[in-house]
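Report on one structure; see the data block that follows.
None of the figures in this text is laboratory data; all of them are computed from the coordinates on show. Because the structure is predicted, anything quoted here is derived from the model rather than measured. Note: ideal-geometry Cβ built from the backbone for every residue, glycine included; neighbour counts use all protein chains shown.
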Amino acid sequence: MKRKPETTAAALPARAITKEDVARAAGVSHITVSRVINTPEKVSPETRAKVESFIASMGYIPNMLAGGLASRRTRIVAAIVPTISHSIFAETVRGLSEQLSLQGYQLLLGQTNYSEEAETALVEAFIGRRVDGLVLTGVQHAARTRQRLKAAGIPVVETWDLTRRPIDMLAGFDNHDAGRAMGNYLYGKGYRRMAFVGGEDPRGVARFTGMREAVLAHGAAEPLHLMVPMGSFLHAGREAVGWLLDRHPGIDAAFFSNDVIAAGAAMECARRGVEVPGRIALAGFANLEIAPEVLPALTTVQISVHQIGLTAADMLLARFSGRSVEQPICDLGFSILERKST
């Protein structure tokens, strides 16, 4: 007769610490523990500190999903950006995360690689995970995406652009006007044969369109539109300015769709011994951290990248608390920041 193997205590999985365990150890009710986790502002500082101490020492991990299902809240917000490969959207995400975390919300992040189909898939996945709100980049979306968002009935903030008819709320700036302002600026500095370097994304195209309108209105030559892969890096700027210098020697100024590409162009000019702005002026977009660090420092369109995230978070938090948003369409504006590259 076979003997059953002995089961030792070490072989048994440890029982997970529960909310009730924490409540007994802290000498409070399980409702108080729930409040410390979900609505800490409703608990006195002394009680909150004691409960939080026991949560930490006992290794209790709250089941936020279970609590969310009961209250129809998950305290999770999703943000969708075109790329996380370089810093152009990072400051917006940072501002969003900072503001949300102060109120106990966590941020999920997805990237589309500039694909509408990928955005639709991410929206559906995040809605399926019962996020409390969504932050999108841009205002142009597939019809299916709009339908899913409206059917979900959750707060939505679009960013990095403007429209009179947002899905719900909006925090951004006018890309077309920003491009026009740069066109006017470069013309005012004496440049007459200009190029725009950017991708096919709607915001980049709007910047080119605005620039083109400005320079043509002044009677300058039709600006060249040089396309580069969306989400481009420094090497794209190097290749673009090299192509301009080799194939279009008459070009005297180039406006780049973001500072990263413009910085690559500045580096290539330095490598070739091309004087900036003596031979060609360079201008970027967004005033990223790299803009003042390259030589010469980049003139750029300065936008409130971090503030976009903070504003989007404030809009969501207001809606989560049942308050109305006084300004559901928030134009954060832009300015031309002149440096030595022009």
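For segment 118-170, a crude dipole built from +1 on the beta carbon of Lys and Arg and -1 on the beta carbon of Asp and Glu, taken about the Cα centre, is about 220 debye to the nearest 20.
Given axes a ≥ b ≥ c from the Cα gyration tensor, I'd like to know whether segment 80-214 is rounded (a/c under 1.5), prolate (a/b larger than b/c) or oblate. Cα axes put segment 80-214 in the prolate bin. Here Glu41 and Ser324 are evaluated by their C-beta separation; at R0 = 25 Å the FRET efficiency comes out at 0.75. Hey, got the dipole for segment 175-303? About the Cα centre, +1 on K and R Cβ, -1 on D and E Cβ, debye to the nearest 20? Its charge dipole is roughly 300 debye. Inter-part distance, segment 203-278 to segment 113-175, computed on C-alpha centroids, equals 31 Å. For the peptides 238-247, 266-275, 305-314, the ranking by packing is 305-314, 238-247, 266-275, with the highest mean count of neighbouring Cβ atoms within 10 Å listed first.
For the chain, the residue among Ala262, Val301, Ser85 whose Cα projects farthest onto the positive side of the dipole built from Cβ charges is Ser85. Put simply, the Cα atoms of segment 92-141 extend 33, 23, 16 Å along their principal axes, the longest span coming first. Which stretch or stretches of segment 231-262 have amide N atoms under 16 Å from the point lying 7 Å from Ala217's Cα along the Cα→Cβ direction? From segment 231-262, the list is empty. Under the convention that each Lys and Arg Cβ holds +1 and each Asp and Glu Cβ holds -1, the size of the dipole of the chain around its Cα centre is about 1200 debye. Working from Cα pairs under 8 Å separated by at least six residues, relative contact order for the chain is 15 percent. State whether segment 175-303 is rounded, prolate or oblate according to the following rule on the C-alpha gyration tensor (a ≥ b ≥ c being the square roots of its eigenvalues): a/c under 1.5 gives rounded; otherwise a/b larger than b/c gives prolate, and the remaining case gives oblate. Rounded is the answer for segment 175-303, as its axis ratio a/c remains below 1.5. Only aspartates and glutamates eight or more places from Lys189 in sequence, or on another chain, were considered; those with a Cα closer than 19 Å are Asp177, Glu213, Glu222, Asp252, Glu275, Glu338. For the chain, the longest principal axis of the Cα atoms and the long axis of helix 116-128 meet at an angle of about 20 degrees.
The percentage of C-alpha pairs in the chain whose separation is greater than 27 Å is 55%.
Taking every alpha-carbon pair in segment 247-326 and binning the separations at 10 Å intervals from zero gives 18, 37, 18, 14, 10, 4 percent. Using R0 = 51 Å, the C-beta based FRET efficiency linking Asp331 and Arg24 works out to 0.40.
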